[in-house]
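Since the structure comes first, as structure tokens, the remarks are kept for the end.
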Amino acid sequence: MREREGRVNLKNLSLEGLREFVVSLEEKPFRAAQLARWLYGRGARQFEAMTDLAKAFREKLPERAWISFLEPAEVQASQDGTKKYLFLLDDGERIESVLLPEKDHYTLCLSTQVGCALGCKFCLTGKQGLRRNLDPSEMVDQIVGVRATLPPESKLTNLVLMGMGEPLENFQSVLRALEIIRSPMGLQFSHRRVTLSTAGVIPRIEELCSRRHFVKLAISLNASTDEQRSQLMPINRKYPLEDLLAACRRIPLDNREKITFEYVLIRGVNDSEEDAQRVTQILRGIRAKINLIPFNEHPGSPFQRPMDEAIQRFREILLAKRFPAMVRQGKGLDILAACGQLGGKV
Ligand code: SF4
């Protein structure tokens, strides 16, 4: 994790780590909660602003620690209200976050890596390859940075880890960020309102799900056979469909909880009625809901969005087999902010 002249970035510490840090400065452990309130509750950027900390403590802090903050370098607004934020990182790398207005709240789509190694064929981020993992602070700071641009009464209550990168390939940092995101001492998001989307890194799915109530899970499915999926998502060669779905069957779910499966519909590739029938067969026995995402076209991609009739037909076949299925129309298409369109180049 990136440090500055031997000083620790407080937002890279777990909350237990923050306690240990405070104790190492010969302060009482409860000071960690005070610090966390300033960092996450009020988005403080400087120690001098932390007026309820004893002056001597405040003066000690900058010798050993610093506070990161991400200021959006650019914000693009779509006609549909979606906003895409570009953040420049300390080392000059760029990431994007997408803010989606819903009826009475906002959802923020976070990035977890710069680029991505998995190379899914329908995704612009995948074309870059992996440049580096994000630190926990860089994930948390996307939230703090976007929140600072909103009016105080705005409800930013939902998060999806579906931006640039595969969250489970940056597992330890994502776990630490999620702890801060969910903790009452941190950003206080409910586990019901945080969704992690994965291309299917099976061992990590199992580890994540062993921590019950941690976050909701979404699986990026996109195909109904191994051959088709391996062509679209090279990770399928390592973790094939059958193993992935077997892992999904083992996930302990609450009463009415379901696993979300995302299916990017691509014209002539995976949008036929046979594909839909096969999806209902491979998901049999899994408490699933399916988000159908008509392919969001972007420059340089050979793929096309399916015809509307094909999308509806696909959905009807899923519904007929009692799988809840929604069509997610791409938001922010005009600013390349929709699923699979993030490239870090506003
Ligand atoms: S879809 Fe997700 S996992 Fe696949 S290349 Fe894009 S960012 Fe990576």
Practice prompt. Could you list, in sequence order, all residues of the stretch 297-326 that are within 24 Å of residue 96 (Cα to Cα) and touching a strand residue (DSSP E or B) at 6+ places or on another chain (Cβ under 8 Å)?
Written response: 305
Worksheet item: How many residues does the stretch 116-150 contain that are under 14 Å from the mean Cα position of the chain (by Cα), touching a residue at least 60 places away in the same chain (Cβ under 8 Å) and farther than 20 Å from residue 14 by Cβ?
Response: 1
Response to the item:
The condition from (1) modelled with pLDDT of 95 or more; (2) surrounded by fewer than 16 Cβ atoms within 10 Å (Cβ to Cβ) that residue 228 misses is numbered (2)
Worksheet entry | Selection status of residue 322, on the phi < 0 side of the Ramachandran plot, more than 16 Å from the ligand (Cβ to nearest atom), part of a loop (DSSP other than H, G, I, E, B) and not small (Gly, Ala, Ser) | no
Response to the item:
How many residues of the stretch 216-268 are away from the ligand (no atom under 16 Å from the Cβ) and either in contact with a strand residue (DSSP E or B) (Cβ under 8 Å, 6 or more places away or on another chain) or closer than 24 Å to residue 182 by Cα (or both)? The answer is 11
Worksheet item: Residues 104, 80, 91: which one is assigned by TED's automatic domain parsing to the domain that holds residue 144, closer than 26 Å to residue 116 by Cα, charged (D, E, K, R) and out of contact with any strand residue (DSSP E or B) (no Cβ under 7 Å at 6 or more places or on another chain)?
Response: 91
Response to the item:
Those residues of the stretch 262-307 that are closer than 17 Å to residue 324 by Cα and not acidic (Asp, Glu) come to a total of 22
Discussion item. Any residue at all in the stretch 60-72 that's surrounded by fewer than 20 Cβ atoms within 10 Å (Cβ to Cβ) and in contact with an Asp or Glu (Cβ under 7 Å, 6 or more places away or on another chain)?
Written reply: yes
Item to complete: Go through the stretch 23-59 and give me each residue that's of a type in the set (D, E, K, R) and either under 18 Å from residue 9 (Cβ atoms) or surrounded by 13 or more Cβ atoms within 10 Å (Cβ to Cβ) (or both).
Response: 27, 31, 37, 42, 45, 48, 58
Worksheet item: Residues of the stretch 124-149 being touching a strand residue (DSSP E or B) at 6+ places or on another chain (Cβ under 7 Å) and hydrophobic (A, V, I, L, M, F, W, C), which ones?
Response: 130, 134, 143, 146
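Let's see how each residue does on (1) closer than 17 Å to residue 198 by Cα; (2) not hydrophobic (A, V, I, L, M, F, W, C):
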| site | (1), (2) |
| --- | --- |
| 242 | yes, yes |
| 253 | no, no |
| 267 | no, yes |
| 291 | yes, yes |
| 294 | no, yes |
| 307 | no, no |
| 311 | no, no |
| 329 | no, yes |
| 335 | no, no |
Discussion item. For the list (1) of a type outside the set (A, V, I, L, M, F, W, C); (2) touching a helix residue (DSSP H, G or I) at 6+ places or on another chain (Cβ under 7 Å); (3) not assigned by TED's automatic domain parsing to the domain that holds residue 144, I need the number of the one condition that residue 59 fails.
Written reply: (2)
Fill in: Residues satisfying the stated conditions in the stretch 201-211, i.e. surrounded by 18 or more Cβ atoms within 10 Å (Cβ to Cβ) and either part of a loop (DSSP other than H, G, I, E, B) or not assigned by TED's automatic domain parsing to the domain that holds residue 325 (or both)
201
Discussion item. Looking at the stretch 1-40 only, could you name the residues that are assigned to a helix (DSSP H, G or I) and within 16 Å of residue 68 (Cβ to Cβ)?
Written reply: 10, 11, 12, 17, 18, 21, 35, 36, 38, 39, 40
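One line per residue, one yes/no per condition, for (1) modelled with pLDDT of 95 or more; (2) crowded, with 16+ Cβ neighbours inside 10 Å; (3) not assigned by TED's automatic domain parsing to the domain that holds residue 222:
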{"residue": "268", "(1), (2), (3)": "yes, no, no"}
{"residue": "296", "(1), (2), (3)": "no, yes, no"}
{"residue": "306", "(1), (2), (3)": "yes, yes, no"}
{"residue": "311", "(1), (2), (3)": "yes, yes, no"}
{"residue": "321", "(1), (2), (3)": "yes, no, no"}
Fill in: strands (runs of 3 or more DSSP E) (entirely within the stretch 82-200) containing at least 2 residues that are more than 16 Å from the ligand (Cβ to nearest atom)
83-88, 94-101, 106-109, 156-161
Item to complete: Report whether or not residue 311 is not hydroxyl-bearing (Ser, Thr, Tyr) and not in a helix (DSSP H, G or I).
Response: no
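The values are calculated or read from the model by the stated rules, or taken from the named source; none is laboratory data. The model shown is predicted, which means the values in this text are computed figures rather than measured ones. Neighbour counts are summed over all protein chains in view; Cβ atoms, including those assigned to glycine, are modelled from backbone coordinates with ideal geometry.
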